[in-house]
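The values are calculated or read from the model by the stated rules, or taken from the named source; none is laboratory data. A quick note: this is a predicted structure, and the numbers were derived from the prediction, not measured. No Cβ is skipped: glycine too gets one built from the backbone with ideal geometry, and neighbour counts run over all protein chains shown. The accessibility values were calculated without ligands, DNA or RNA, using every heavy atom of the protein model including side chains. Shrake-Rupley method; radii C 1.70, N 1.55, O 1.52, S 1.80 Å.
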Amino acid sequence: MFSIYFMSLGTRVREWRNFYEWTLDDLSDRSGVEKGTISAMENRGSKRSEFAGALAKAFGITTDELLDESVQPSDRLMTGGAPTASIHSGYST
């Protein structure tokens with residue numbers, strides 16, 4: 001499988017986070033990734049991160065979908081919207 005990714009991971013994380021109107025704290029709570037790490041990733045335009053999987057899971061998508069700019073957050077409206085439960089909380093809402 002051959003894919004070309006044009007946007008940085010940090011740009012895509014910010015795009016998804018802003019679409020859901022989540023703060024850095026919201027995404028941190030949902031993903032288990034430190035708020036400062038997410039902020040640095042977004043601001044530095046990181047191309048990859050060991051946390052990509054956890055962030056993608058918080059958005060309810062795969063890592064490939066997170067990186068693929070042809071997959072838009074608005075597409076999630078067709079499939080049920082934003083995830084509601086924290087993946088690290090130990091309980092579901």
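A few points about this structure:
- Overall form of region 9-51 per C-alpha gyration tensor (a/c, 1.5; a/b vs b/c): oblate
- Ranking by accessible area, most exposed first, for R30, R44 with a 1.4 Å probe: R44, R30
- When R17, R48 are compared by accessible area of protein heavy atoms, the largest-first order is R48, R17, using a 1.4 Å probe.
- Placing dummy labels 7 Å off each Cα toward the beta-carbon, the span from T23 to E69 is 3.0 nm.
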